[in-house]
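**Student:** Okay, here's the structure, questions in a sec.
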Amino acid sequence: MGGDKMDVKQGTLALMILKTLEMLGPLHGYGVARRIEGTSGDRIKLNYGTLYPALVKLEQEGFVKSEWRRSENNRRAKYYALTRAGRRRLAREVREWHATADLIAAFLTPGEAK
Amino acid sequence: MRHVRVALARIAGVFGRGRSDEDLREELQAHLEMEALENLRRGMSPEEARRQAMLASGGLVQAAEAVRDQRGLPWLEGVWADLRYALRALRRSPAFTAVVAVTLALGIGANTAIFSVVRGVLLKSLPHRDGDRLVYLRHSMEGPGGANIGFSVPEVRDLRLGVPSLSGMAEYSPWNLVFRSDDGAVRIRVGLVTGNYFEVMGLSPLLGRVTEAADDGSGVPPVMVLTHDYWVRRFGGDSSVVGKQLQLDGTPVTVIGVLQPAPFFPDRIDALLNMVISDHHVSATMVEGRTHRMTEVVARLRTGAGLEQAEAEVAAVYARMKRDHADAYDAGANHRIAVIPFSEALGERARPTLWLLMGAAAFVLIISVASVANLGLMRGVRREQELVVRAALGAGMNRLRRLVLAENVALSLLGAALGVLIATGGMGLLSSLAERYSPRASEIRLDAPVFAFMFGLSAAVAVLLSFLLSLPREGALSSRITGQRVSGSIHRHRLQRVLVVVQVAVSVVLLAGAGLLTRTMIRLSEVNTGLRSEEVLTIQVPLLTPADLLFNPASDAGAKERYEEMRREIGRLPGVLEVGVGSPGPLRGSEVRLEVKAEGRPLATGEPTPRAQFRTAGPEYFRAAGIPLLAGREFSVTDGRGTGWVVIINETLAEGLFPGEDPIGKRLAWTGDVLRFTPISPDWRTIVGVVASTRDGGLDAAPRPAVFMPFAQELAMGGTLVIRTDTDPAALAPAATSIVRRVAPHAPIEQVLTVAQIKDQSVSPRRLNAALISSFGILAVIIAAVGIGGVLAFSVSARTSEIGIRMSLGADRGRIQRMVLREGGVLLVIGMAVGLLAAAYAGRMVRGLLFGVAPNDPTTFAGVAVLMAVIGLAACWIPALRAARVDPAMTMRL
C-alpha cells in the first residue's frame, strides 16, 4: 500500500457512510465503498474489515437499517438506508465538523497579531 | 442512550450467531462478486478480476472476524469457547475428571455446608428491628448453678433508672404452664412479659397483635402470643388459631397473635403472656423482693451509646445496689453483671464447635486442592505436547493461560455442582447438631450468600490450581519441540513433594483432632454417674403447677395420694423391683438452689455461703434409683409431717459442710432472704443419712451439693417416678405410662427416659463432634495416601530408564524397592513431623471441647503417628513393587 493513502478513523468513516447514504439513498456495501473511495479520489482504500464493522455499528446505534434486496444485476445483496435518527445524527455531526474545522483553521492561519 | 442501544444489540448479537454468520458470508460474497464484475468491465481477465477483488477485500475471514467482534460480545464468546474446549479436553480423560471432581466436591461441599451453618447461626443479622443494638444482661455468681441467676423486679427497676445508655429494657420471666387440650396435657415453656417487651425487642406480629401496656397489671384478661416455632410445631401454621382460647393452668387464655420468626435466649419459648396469668407474678412478694430473682433482661442501646458505656454505667449502678442492699448479695460469691451483645449471646454455645468444624473443613479443602494439584501436575506433562503445538500455531502465552484457567474453572464448577449435593445432605445432619447449641438452628438454609460463598470458593480453588500448575516460561516451551522426552522439570517434582508433605501434615492434624475428640467421648461415657446400675426407668409427672403449690397448698395432699397410688400400681407390674418417687429425678438438676447453714459452724468473713440443691425423695427413692447409701439410714414411712424435720445429704455437701467429720446427727437449715417468698421452713433439720453424689448437672460437670427432704414432709413440687427393673426398662414404659394416665388423667407426662438414655443425652453432642471430625480425618488420610502413592508411582514411571541402568549395574530388586520406599518414607516423616507440631498447637485451641484428655495427649499422638506411618508405607508399597519389576532390557532399548 502506498504512502499517500490516508488512515480513516472510525468516527469519520461513520460520517462518510451516513453522508453517502443521504446523497445516494439506500445502497449496498459495495456501493458505499465505491462512493467513498471515489469521492476521496482513491486516497482511501477500504477493506471489508474496516467497512462492515462500521456498518454493523451504525445499525446497532439505530442510525441505519438494513434489508435484503435484489441488486442491479439481480444478485441478492444487503441494502443499508438512513433512518430518521440517522439523518439527525448526520446533521449534528456535520455541524460539529464545520465548527471544529473553523476553530482549527483560526489557529493555523498565520496571524492576525493581537 | 446510544451506548445502551449498542450494548443491547451486542447482547442480542450473541444469540443470533448462526444465522447472522451465514448472512454475513453471503453479503461479503456479494460484495466480492460485484467488485470482480467491475474489474471485468474495466478489462481484466476473469482470474485477475477475482484476484484483485480478493486483494482489495483484505481477506474475507478477517473481515468476518472483525464484524463478529463488533456484533457480539467477543470476550464472552471467547470465554465460552474456552470452556467448551475445556469440557472437551476433560471428557477425553474421564478418570482424571471423575477423581478430581469428586475430590473437589468433598472439599467444597463440606465447607459450604458448614458455612451455611455458621451463617445461619452466627453471621446472619437478627430478625429484630436494629438487632445489633440489643444487649443481654447476665447476672451471675460463683459456684455451681450460678452462671445465670436472673434479676429481681427491684433490681431491674434500679437498672432502668440508673443506666441512661440503655433506651429500653425488656424483661421476661420464664415460667411453665400446663396446656390442656383434647390431645392431653403438656407443659409448655412460656415467658411472662410486660407491655414494652415487644417494642424494646423490635419484634412484630406475623398475625394478630402483640401485648402492649394496656395488658399490664392485674385487672385485665390473660392473653398470649405464640412464637413462630411453636405455632408451626403445635398448630401446623394454622392461622385460625388466633382468637381462640387455650386452657393454660385451668384458665382460658386468648391467643391474640403469632410472632414473627425469631430466636429466644436463653430458653426456648413457646408463647409469651402478660403477667396476670400468674398470681405470683403480680403479687407483692414478686414486685418487692430484691432477692426473688426470676426475670431475664434484654435491653436496647440508645442510638449513639456504645457497649462499653453501657457496661460502665451498669457496673456503677450495680456497685451502688450492692452497697445499699448488702444483705441481698453474698459477699463471698463475686456477683457480677455482664453486658453482652444479644447476637453474641445467641451464638455462645455454638461458637467453639462451629470453629472446630470450619477448621476441619478447611483442612479437608487444603488436602483436596493439594491432591488435585498433584493429579494436575502429573497430567500436565502429557498436556505439554499439546500446548507446545498450540503455541507453535500462534497462541500467545495469555491465551494458553486462559485455556488452563478455563479447564480449572470447569473442574471447580463441576466439583461445586457435586458439592451442592454433599452440602444439602450434610446440612440436614449439621442442622440437628446445631439445634443443641443454638436457638437459631432453624434459620440454617442454602440461601444466596451461601451460594455466593460456594462460587467464591470454587473461583479461588480454580485460581490457586492455575497458579500451582503454572506454565513453563516461553523459552522452555520451544526447547521441548526438539523432541527430547519430557520427564518433568525439577521444579515440578519439588512442588509435588511439597504438596504431598502438606497433605500428610494436614491429615495428621485432622486425625489427631479426631483422636482427641473420640477419647473425650469415650471418657465421658465412662463417667460414673453415681448410680449403681442402669436398669432404671424414670417418668416425670408434674401433678401440681407452681401456682397450685404457692396458692393452694391443700391440693398437695391429694397429689401425694395419687403419687402413692401410682407407685403401688407400678410396683405390681412384672419385672419391677422397686418404685420410688422424688423430685427432681436422678441425673437431673434441681431448679431450686438455696443457701444452707450448718449448726455450730458460722461462716468466716469472705467465705461464700454454701448452697445446695433442694430435692425431695420418698423412702424407696434411693434404692430404686441405685444411689448407694454411705452412712446413716434412708427415709422411712415414719418421716412425715410433724414428726421432726429430717434430711439426707449427699457426699459433696457432707464434705463441704462437715469436712472430716461424721454428719449424722448434726443439724442444718435452709437460710437466705429468698426463703420468705417460699413455703419452705427455716427450722433446723437433723441429718439422718449420707448418700453418694450423682452427676446431676451433666456428665462433664462436677457433682453438686444436695439436700434431700422426705417427699411427705415438703410440697410435691413435681414428682418423678423412679422404677427399677430386672429386665429391659424401656419395655416397661408403655405399661407404666398407662397406669399413670389412669391415676392422673389430666397430668402432663414428660421425659419418659431410662437412665441410660439420660446419660446418652449428655454424651451425644460429643459423639457427633467426634464422628464428624473422625470422618473428616479418615477422608483426609485416604486422600493423602492416594496422593503419596500417586506421586511415587509417577516418579517411578519417570525414572524407569534410571532404574534400568541401576539394575543392569547390579542393583537387585530389593535394593530398588528400598530406594523407592525411602523416597516415600522421607516425605512421610517430614509430613508427620510438621503435622504433629501443628496438631499440638491446634489441640490447645480446642481445649474447651475436650474432657478427660489433655490437648497434647501423648497416647493419641503416638497412635496417630503409627496409623499414618502404616497407611503411608502401604501406599508406597505398590509403586515400590512396580519399580522392582522393571525389566532393564526393555528400558534400555528406548
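The values are calculated or read from the model by the stated rules, or taken from the named source; none is laboratory data. These figures come from a predicted structure and were not determined experimentally. When we count neighbours, we look across all protein chains shown, and the Cβ atoms used for this are built from the backbone with ideal geometry, even at glycine. In case anyone asks, the SASA skips ligands and DNA or RNA and just uses the protein heavy atoms, side chains included. Shrake-Rupley method; radii C 1.70, N 1.55, O 1.52, S 1.80 Å.
**Student:** Enumerate the strands (runs of 3 or more DSSP E) found wholly within segment B:544-619, keeping only those where 1 or more residues are within 23 Å of B:Ser636 (Cα to Cα).
**Tutor:** Answer list for segment B:544-619: B:576-583, B:611-617.
**Student:** Report yes if A:Arg84 is open to solvent by 20 Å² or more (accessible area, probe 1.4 Å), more than 12 Å from chain B (Cβ to nearest Cβ) and under 24 Å from B:Ala9 (Cα atoms), otherwise no.
**Tutor:** Considered against the rule, which asks whether it is open to solvent by 20 Å² or more (accessible area, probe 1.4 Å), more than 12 Å from chain B (Cβ to nearest Cβ) and under 24 Å from B:Ala9 (Cα atoms), A:Arg84 comes out as yes.
**Student:** Residues in segment B:588-632 that are surrounded by fewer than 19 Cβ atoms within 10 Å (Cβ to Cβ) and of a type in the set (S, T, N, Q): how many?
**Tutor:** Summing the residues that are surrounded by fewer than 19 Cβ atoms within 10 Å (Cβ to Cβ) and of a type in the set (S, T, N, Q) in segment B:588-632 gives 2.
**Student:** Would you be able to say whether some residue in segment B:271-285 is open to solvent by less than 20 Å² (accessible area, probe 1.4 Å), touching a Phe, Trp or Tyr at 6+ places or on another chain (Cβ under 8 Å), assigned to a loop (DSSP other than H, G, I, E, B) and modelled with pLDDT under 90?
**Tutor:** Yes, segment B:271-285 contains at least one residue that is open to solvent by less than 20 Å² (accessible area, probe 1.4 Å), touching a Phe, Trp or Tyr at 6+ places or on another chain (Cβ under 8 Å), assigned to a loop (DSSP other than H, G, I, E, B) and modelled with pLDDT under 90.
**Student:** What number of residues within segment B:314-351 satisfy the criterion of being in a helix (DSSP H, G or I), touching a strand residue (DSSP E or B) at 6+ places or on another chain (Cβ under 8 Å) and open to solvent by less than 50 Å² (accessible area, probe 1.4 Å)?
**Tutor:** Counting residues in segment B:314-351 that are in a helix (DSSP H, G or I), touching a strand residue (DSSP E or B) at 6+ places or on another chain (Cβ under 8 Å) and open to solvent by less than 50 Å² (accessible area, probe 1.4 Å) gives 5.
**Student:** Under the condition of being of a type outside the set (A, V, I, L, M, F, W, C) and crowded, with 17+ Cβ neighbours inside 10 Å, which residue from segment B:150-165 is nearest to the chain's Cα centre (by Cα)?
**Tutor:** B:Gly150
**Student:** Are any residues in segment B:74-110 under 19 Å from the mean Cα position of the chain (by Cα) and open to solvent by less than 10 Å² (accessible area, probe 1.4 Å), and if so, which ones?
**Tutor:** B:Gly107, B:Ile108, B:Gly109
**Student:** Only one residue in B:Leu76, B:Leu24, B:Leu87, B:Leu83 is hydrophobic (A, V, I, L, M, F, W, C) and within 12 Å of chain A (Cβ to nearest Cβ), so which one is that?
**Tutor:** B:Leu24
**Student:** Taking segment B:795-827 on its own, how many of its residues are assigned to a helix (DSSP H, G or I) and over 13 Å from B:Pro879 (Cβ atoms)?
**Tutor:** The qualifying residues number 11.
**Student:** Could you please give the count of residues in segment B:183-233 that are closer than 24 Å to B:Gly150 by Cα and part of a helix (DSSP H, G or I)?
**Tutor:** 7
**Student:** Also: Note down all Cβ pairs under 8 Å where the first residue falls in segment A:43-55 and is at the interface with another protein chain (Cβ under 7 Å from one of its Cβ atoms), the second is open to solvent by less than 50 Å² (accessible area, probe 1.4 Å) and polar (S, T, N, Q), and they're at least six residues apart or on different chains.
**Tutor:** That search, which allows pairs on different chains as well, returns A:Asn47/B:Ser57; A:Tyr48/B:Ser57; A:Pro53/B:Gln70.
**Student:** A follow-up question, please. Can you confirm whether segment B:59-70 contains a residue that is facing another protein chain (nearest Cβ under 9 Å) and on the phi > 0 side of the Ramachandran plot?
**Tutor:** The answer is yes; a qualifying residue exists.
**Student:** Then there's this: Can you find a residue that is surrounded by 15 or more Cβ atoms within 10 Å (Cβ to Cβ) and touching a strand residue (DSSP E or B) at 6+ places or on another chain (Cβ under 7 Å) anywhere in segment A:36-55?
**Tutor:** Yes, because at least one residue in segment A:36-55 is surrounded by 15 or more Cβ atoms within 10 Å (Cβ to Cβ) and touching a strand residue (DSSP E or B) at 6+ places or on another chain (Cβ under 7 Å).
**Student:** Turning to a different aspect of this structure: Kindly list the number of the only condition in (1) farther than 30 Å from B:Ser762 by Cα; (2) open to solvent by 40 Å² or more (accessible area, probe 1.4 Å); (3) aliphatic (A, V, I, L, M) that fails for B:Ala702.
**Tutor:** With (1) farther than 30 Å from B:Ser762 by Cα; (2) open to solvent by 40 Å² or more (accessible area, probe 1.4 Å); (3) aliphatic (A, V, I, L, M) applied to B:Ala702, the lone miss is (1).
**Student:** Still on this structure: Please work out if B:Thr545 is at pLDDT below 85 and surrounded by 22 or more Cβ atoms within 10 Å (Cβ to Cβ).
**Tutor:** yes
**Student:** Please find, among B:Thr291, B:Thr303, B:Thr254, the residue that is part of a strand (DSSP E or B) and in contact (Cβ under 8 Å) with a residue 24 or more places away in the chain.
**Tutor:** Of B:Thr291, B:Thr303, B:Thr254, the one residue that is part of a strand (DSSP E or B) and in contact (Cβ under 8 Å) with a residue 24 or more places away in the chain is B:Thr254.
**Student:** Looking at A:Thr12, A:Thr109, which one is more than 14 Å from chain B (Cβ to nearest Cβ), at pLDDT below 90 and closer than 30 Å to B:Asp21 by Cβ?
**Tutor:** After applying the criteria, what remains is A:Thr12.
**Student:** Related question: Picking from B:Ser681, B:Ser693, which residue would you name as being within 26 Å of B:Lys759 (Cα to Cα) and touching a strand residue (DSSP E or B) at 6+ places or on another chain (Cβ under 9 Å)?
**Tutor:** Matching residue, one of B:Ser681, B:Ser693: B:Ser693.
**Student:** Which of the strands (runs of 3 or more DSSP E) found entirely inside segment B:630-746 contain at least 2 residues meeting this: closer than 25 Å to B:Val579 by Cβ and of a type in the set (Val, Ile, Thr)?
**Tutor:** B:646-650, B:685-691, B:719-725
**Student:** Mind listing whichever residues of segment B:166-178 are surrounded by fewer than 21 Cβ atoms within 10 Å (Cβ to Cβ) and farther than 17 Å from B:Pro266 by Cβ?
**Tutor:** Passing the criteria: B:Ser167, B:Gly168.
**Student:** For B:Leu821, indicate whether it is crowded, with 20+ Cβ neighbours inside 10 Å and not β-branched (Val, Ile, Thr).
**Tutor:** The answer is no for B:Leu821.
Let's see how each residue does on (1) under 30 Å from B:Gly359 (Cβ atoms); (2) touching a Ser or Thr at 6+ places or on another chain (Cβ under 9 Å):
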site	(1), (2)
B:Arg815	no, no
B:Met819	no, no
B:Arg822	no, no
B:Leu827	yes, no
B:Ala833	yes, no
B:Pro855	yes, no
B:Arg885	no, no
B:Ala889	no, yes
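**Student:** Inside segment A:15-42, can you point out the residues that are within 13 Å of chain B (Cβ to nearest Cβ) and on the phi > 0 side of the Ramachandran plot?
**Tutor:** Of everything in segment A:15-42, just one residue is within 13 Å of chain B (Cβ to nearest Cβ) and on the phi > 0 side of the Ramachandran plot, namely A:Asp42.
**Student:** Could you please give the count of residues in segment B:53-69 that are surrounded by 15 or more Cβ atoms within 10 Å (Cβ to Cβ) and closer than 22 Å to B:Asn398 by Cβ?
**Tutor:** Looking only at that region, the number is 3.
**Student:** Across segment A:56-81, what is the total count of residues that are closer than 21 Å to B:Glu35 by Cβ, open to solvent by 60 Å² or more (accessible area, probe 1.4 Å) and more than 10 Å from chain B (Cβ to nearest Cβ)?
**Tutor:** Matching residues across segment A:56-81 total 3.
**Student:** In addition: List, please: which pairs have Cβ atoms under 6 Å, are six or more places apart or on different chains, and start with a residue in segment B:25-52 that is open to solvent by 60 Å² or more (accessible area, probe 1.4 Å) and end with one that is of a type in the set (A, V, I, L, M) and assigned to a helix (DSSP H, G or I)?
**Tutor:** B:Leu40/B:Ala49; B:Arg50/B:Ala36
**Student:** Just the residues that are open to solvent by less than 20 Å² (accessible area, probe 1.4 Å) and part of a loop (DSSP other than H, G, I, E, B), please, taken from segment B:127-149.
**Tutor:** B:His128, B:Met141, B:Gly146
**Student:** Oh, and also: Being open to solvent by 50 Å² or more (accessible area, probe 1.4 Å), at the interface with another protein chain (Cβ under 9 Å from one of its Cβ atoms) and in contact (Cβ under 8 Å) with a residue 24 or more places away in the chain narrows it down to one of B:Arg17, B:Arg10, so name that one.
**Tutor:** B:Arg10
**Student:** Before we move on, is B:Arg119 basic (Lys, Arg), more than 14 Å from chain A (Cβ to nearest Cβ) and either open to solvent by less than 60 Å² (accessible area, probe 1.4 Å) or free of Cβ contacts under 8 Å to residues at least 60 places away in the same chain (or both)?
**Tutor:** So B:Arg119 fits the description; yes.
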